[in-house]
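J.: Dumping the structure here so I can ask a few things about it.
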Amino acid sequence: EKGGYDTFMLKEIFEQPSTLRDCLRGRIVDNCSRVVLSGVELNKERFMKAERITLVACGTSWHAALIGKRLIQDFCQIPVEVEYASEFRYGNPVLNEKDIVISISQSGETADTLAAIQLAREKGAFVYGICNVVGASIPRNTDSGTYIHVGPEIGVASTKAFTGQVTVLTLLALSVGQLRGTIDNETLHNILVSLDKMPETIKEALKVDDEVKKLSKIFAYAHNFLYLGRGYNYPTALEGALKLKEISYIHAEGYPAAEMKHGPIALIDHEMPSVIIAPSDSLYDKIISNVQQVKSRGGAVVAIVSEGNQAMNDIADFCIEIPEVPECLTPIVASIPLQLLAYYIAVNKGKDVDQPRNLAKSVTVE
Ligand code: M6R
């Protein structure tokens with residue numbers, strides 16, 4: 001059932017072209033000019049009058065939520081808050097009927113996330129779920145929602161669920177944006193064309209497999225890692241660090257690249273490698289200077305760059321290229337090499353990647 005792969009995690013990483021095809025199926029219509037999400041269509045009024053959206057989740061799903069915040073702000077002009085479900089539920093949240101609370105959960109059984117949405121409903125908010133497991137407790141306790149449809153995820157480290165969650169959050173932001181008139185047709189069309197091609201793009205991105213495998217040998221004995229990104233890819237950095245932590249047991253910290261100079265830069269030396277997500281987007285020039293700051297302190301840099309970027313070769317120690325996509329879609333593509341890097345480092349260390357110590361696939365206790 002591992003489909004010829006050594007582990008479920010590797011199978012799930014390589015499955016992403018087809019899981020994203022399933023996730024997108026039937027949702028992009030009219031020659032890439034419109035999005036149809038039934039959960040949004042059936043609740044137009046709610047989404048029209050929403051004054052605030054709060055995203056609640058845990059772990060990897062919380063990282064997807066951070067990307068969702070940026071997507072919804074960019075395309076719907078609705079203020080968004082992102083909360084850890086465990087903090088939200090005990091944080092005395094102030095909510096009313098004009099609030100939408102969106103929970104994100106692969107399993108649909110995470111105890112804190114379930115309690116968070118139950119509380120939100122009691123307070124009168126409209127609760128929308130983004131879930132993978134059909135019929136799980138969370139979708140049964142929401143007013144509406146969207147399934148990511150990526151199939152069963154067995155590896156404890158979430159991979160295909162993360163890219164599915166970000167894909168659905170993108171569709172949701174675009175669909176609410178089209179409803180509220182906060183996105184122009186040309187922008188919508190350009191993003192939808194790229195999103196529609198995402199399965200092929202991910203297939204391309206997966207070609208870095210061998211290169212990342214080689215690179216992982218160099219870093220398997222590092223004790224610490226920094227993952228840096230900005231804008232859309234700050235959450236990608238958090239997610240890359242979490243993947244490495246949970247399966248390789250190497251301490252890794254994700255950070256917004258520009259925050260480094262406010263403290264963490266003190267940690268950088270030749271034993272502290274950094275993975276820096278630097279696609280050719282609106283913050284590229286800014287992140288170049290962050291790369292230089294790390295290099296000038298003796299830190300090794302692995303840069304994730306857009307294909308064809310020659311300039312970074314002169315600055316970073318290693319460059320991994322990803323296909324070029326619109327800025328809002330870069331987290332999906334940039335996650336691929338980060339998943340592979342964590343995977344191969346853990347395998348080099350002889351760890352059980354599918355069942356890392358101390359972790360369960362779904363956390364049904366608080
Ligand atoms: O099933 P959920 O998405 O609610 O799970 C949330 C987290 O427990 C989960 O994402 C966890 O962080 C993963 N092991 C990360 O790979």
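The values are calculated or read from the model by the stated rules, or taken from the named source; none is laboratory data. As the structure is a computational prediction, the values presented were derived from the model and not from experiment. Here the Cβ positions follow ideal geometry from the backbone for every residue, glycine too, while neighbour counts run over all protein chains shown. Keep in mind that these areas ignore ligands, DNA and RNA; they rest on the heavy atoms of the full protein, side chains included. Shrake-Rupley method; radii C 1.70, N 1.55, O 1.52, S 1.80 Å.
J.: Applying the selection to the stretch 69-122, what residues are within 16 Å of the ligand (Cβ to nearest atom) and on the phi > 0 side of the Ramachandran plot?
T.: Scanning the stretch 69-122 gives a single hit, GLY108.
J.: Let me ask something else. Counting only residues that are open to solvent by less than 10 Å² (accessible area, probe 1.4 Å) and more than 16 Å from the ligand (Cβ to nearest atom), how many does the stretch 241-261 have?
T.: 2
J.: Got a number for residues in the stretch 133-174 being within 11 Å of the ligand (Cβ to nearest atom) and open to solvent by 10 Å² or more (accessible area, probe 1.4 Å)?
T.: Residues meeting the conditions: 5.
J.: Residues in the stretch 61-100 that are open to solvent by less than 30 Å² (accessible area, probe 1.4 Å) and more than 18 Å from ILE148 (Cβ to Cβ): how many?
T.: Residues in the stretch 61-100 being open to solvent by less than 30 Å² (accessible area, probe 1.4 Å) and more than 18 Å from ILE148 (Cβ to Cβ): 9 in total.
J.: Sticking with this structure for a sec: Determine which member of the set GLU122, GLU186, GLU211 is among the charged types (D, E, K, R) and touching a residue at least 12 places away in the same chain (Cβ under 8 Å).
T.: None of the others qualify; the one that does is GLU211.
J.: Determine whether LYS49 is open to solvent by 50 Å² or more (accessible area, probe 1.4 Å) and over 30 Å from LYS213 (Cβ atoms).
T.: Criteria met by LYS49.
J.: Go through the stretch 262-285 and count every residue that is assigned to a helix (DSSP H, G or I) and either touching a helix residue (DSSP H, G or I) at 6+ places or on another chain (Cβ under 7 Å) or open to solvent by less than 10 Å² (accessible area, probe 1.4 Å) (or both).
T.: Of the residues in that region, 1 qualify.
J.: Same structure again: Just to be sure I understand, how many residues within the stretch 143-167 are assigned to a helix (DSSP H, G or I), touching a Leu at 6+ places or on another chain (Cβ under 8 Å) and among the β-branched types (Val, Ile, Thr)?
T.: Final tally of qualifying residues: 2.
J.: Looking for whichever is at pLDDT below 95 and among the aliphatic types (A, V, I, L, M) here; the options are ALA266, ALA205. Which one fits?
T.: ALA266
J.: Could you tell me whether any residue of the stretch 342-358 is over 20 Å from the mean Cα position of the chain (by Cα), farther than 16 Å from PHE219 by Cβ and basic (Lys, Arg)?
T.: Taking every residue of the stretch 342-358 in turn, at least one turns out to be over 20 Å from the mean Cα position of the chain (by Cα), farther than 16 Å from PHE219 by Cβ and basic (Lys, Arg).
J.: Which residues, counting only those in the stretch 139-179, are closer than 24 Å to MET9 by Cα and without any contact (Cβ under 8 Å) to a residue 40 or more places away in the chain?
T.: TYR147, PRO152
J.: Same structure again: Output yes when any residue across the stretch 181-199 is of a type in the set (S, T, N, Q), outside any helix (DSSP H, G or I) and surrounded by fewer than 18 Cβ atoms within 10 Å (Cβ to Cβ), and no when none is.
T.: Scanning the stretch 181-199 turns up at least one residue that is of a type in the set (S, T, N, Q), outside any helix (DSSP H, G or I) and surrounded by fewer than 18 Cβ atoms within 10 Å (Cβ to Cβ).
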